[in-house]
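One structure below.
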Amino acid sequence: MPGKPSNVVAIYPGSFDPITNGHLDLIQRGSRLFDRLIVSILRNETKQPLFTVEERIEMLREVVQNYPNIEVASFNGLLVDYAAAHEATVLLRGIRAISDYEYELQMALMNRRLRPEIETVFLLAQEAYSFISSRLVKEVFSLGGDISGLVPPGVEARMRRQLLKTIKKEA
Ligand code: PNS
């Protein structure tokens, strides 16, 4: 019978290199909207990440440990196929500003073409987080800027350790 399925599984995919407070806000709001939320990290990235997928999984698990309906995982290949394999019917994405829209629109339409039964649901980022991106956080941090309040405290600590490692390697 058509209608709302009784157990809605959503995937929140991304690079999360590293997770920011903007991502975290979206995850928390997503956990209230869906029965299960799988936060999943793309594995086959061509760009050089700051953190390995395993490190990113650990960081994500640390921040979502008190949410029983959130899981953290990673994936390869087409997102819609991964979603279908996990019986997910929703892809969750955040939109911060109009500049995100074009990229998100392209992906959502392509994903819809591939698997029309899977819906992309967008949540607007909270104003307080709408300027935060993983890329800018890394740039500001590497240049000595203050990133407290932009990422969870555990992530900031890991970034410090990572920076120390790099400095030691270069010395
Ligand atoms: O956090 P990001 O880097 O903006 O996330 C992009 C992501 C992981 C959602 C996107 O690159 C993706 O879904 N990749 C998986 C491969 C795929 O399905 N490509 C076609 C998407 S239209």
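Would you calculate, for the chain, the mean residue ellipticity at 222 nm contributed by helices, counting each DSSP H stretch of 4 or more residues as -39,500 (n - 2.57) and dividing by all residues, to the nearest 500? Walk me through the numbers on the way to the answer.
On the way: 6 runs with 76 residues, N = 171.
After summing the helix terms and dividing by the residues of the chain, the value is -14000 deg cm²/dmol.
Let me make sure I get this right: for the stretch 64-112, a, b and c are the square roots of the gyration tensor eigenvalues over alpha carbons, sorted descending. Under 1.5 in a/c it's rounded, otherwise prolate if a/b > b/c, else oblate. Which is it?
It is oblate, given that a/c is not under 1.5 and a/b is not larger than b/c.
Suppose every Lys and Arg Cβ carries +1 and every Asp and Glu Cβ carries -1, with no other charges. What dipole size does the stretch 69-171 come out with about its Cα centre, to the nearest 20 debye? The partial results should precede the final answer.
Working: 13 positive and 13 negative charges, 118 e Å.
Here the stretch 69-171 has a charge dipole of around 560 debye.
Need one word for the chain: rounded, prolate or oblate. Basis is the Cα gyration tensor (sqrt eigenvalues a ≥ b ≥ c); a/c below 1.5 gives rounded, then a/b vs b/c decides.
Details: a/c = 1.84, a/b = 1.81, b/c = 1.01.
Prolate, since a/c reaches 1.5 and a/b exceeds b/c.
Just flag the trypsin sites (Lys or Arg not before Pro) in the stretch 1-80 sitting in loop per DSSP whose Cβ has no more than 15 other Cβ atoms within 10 Å.
Values: sites: Arg29, Arg32, Arg36, Arg43, Lys47, Arg56, Arg61; in loops: Arg43, Lys47.
Counting only loop positions with at most 15 other Cβ atoms within 10 Å, the trypsin sites (Lys or Arg not before Pro) in the stretch 1-80 are Arg43, Lys47.
So how far, in whole Å, is the C-alpha centre of the stretch 100-171 from the one of the stretch 16-51?
For the stretch 100-171 versus the stretch 16-51, the Cα centre distance is 9 Å.
Below 26 Å Cα-Cα, how many Lys pairs turn up in the chain? Only count pairs eight or more apart in sequence, or on different chains, if you could.
7
Which residues in the stretch 19-47 place their backbone N less than 14 Å from a point set 7 Å from the Cα of Lys4 along the Cα-to-Cβ direction?
Label zone hits: 32-36.
Say R0 is 35 Å: what FRET efficiency, to the nearest 0.05, do Asn69 and Ser130 get from their beta-carbon distance?
0.85
We did not get these values from a lab; they are worked out from the coordinates using the rules stated. Note that this is a predicted model, so its numbers are computed, not measured. Because the Cβ atoms are built from the backbone with ideal geometry, glycine has one as well, and the counts that use them run over all protein chains shown.
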